[in-house]
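S.K.: Before we start, here is the structure in question, set down as C-alpha cells.
The values are calculated or read from the model by the stated rules, or taken from the named source; none is laboratory data. Computed from a predicted model, the values in this text were never measured in an experiment. Counting neighbours? That spans all protein chains shown, and the Cβs are built from the backbone with ideal geometry, glycine included. Surface accessibility is based on the protein's heavy atoms, side chains included, excluding ligands, DNA and RNA. Shrake-Rupley method; radii C 1.70, N 1.55, O 1.52, S 1.80 Å.
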Amino acid sequence: MKNLIQKLTETFSPSGSESAIREVIRAEVEALADDVRVDALGNLIARKGKKGKTGRRIMLAAHMDEIGLIASHIDSNVSSGFRT
C-alpha cells in the first residue's frame, strides 16, 4: 500500500494534465474491474459487475488531479510579505 500511495502522490497531475495519473490508476484497477474506459471529458470509469433489476449500485468518485501553481513573476521584494 505504501508503494501505491507513493506512486500516486509522485505522479505529475495538475488540473488539465491528468493523463499520466490516469494511466497509473488504470493499471492498478484494470485487473479488478470488468470494464475500464475513459469518457470524452477524460474521466476514468471502472465498472465491476453487471446491472441487475433489483441490485444496488455504488459509485466511488475521486479527483485524479492535484493542485498546480504557476509563478508568473518573482521580484526582489519576494520576502517582504513573510515574517522570519
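S.K.: So is GLU28 more than 29 Å from ILE70 (Cα to Cα), of a type outside the set (Phe, Trp, Tyr) and under 13 Å from the mean Cα position of the chain (by Cα) or not?
M.R.: Considered against the rule, which asks whether it is more than 29 Å from ILE70 (Cα to Cα), of a type outside the set (Phe, Trp, Tyr) and under 13 Å from the mean Cα position of the chain (by Cα), GLU28 comes out as yes.
S.K.: Tell me which residues, restricted to region 6-45, are in contact with an Asp or Glu (Cβ under 7 Å, 6 or more places away or on another chain), exposed (fewer than 12 other Cβ atoms within 10 Å of the Cβ) and free of Cβ contacts under 8 Å to residues at least 12 places away in the same chain.
M.R.: Matches in region 6-45: ILE45 only.
S.K.: Among (1) in contact with a Leu (Cβ under 9 Å, 6 or more places away or on another chain); (2) in contact (Cβ under 8 Å) with a residue 24 or more places away in the chain; (3) in a helix (DSSP H, G or I), where does MET64 come up short?
M.R.: Checking MET64 against (1) in contact with a Leu (Cβ under 9 Å, 6 or more places away or on another chain); (2) in contact (Cβ under 8 Å) with a residue 24 or more places away in the chain; (3) in a helix (DSSP H, G or I), the one that fails is (3).
S.K.: Answer yes or no: is there a residue in region 46-56 that is open to solvent by less than 90 Å² (accessible area, probe 1.4 Å) and modelled with pLDDT of 85 or more.
M.R.: yes
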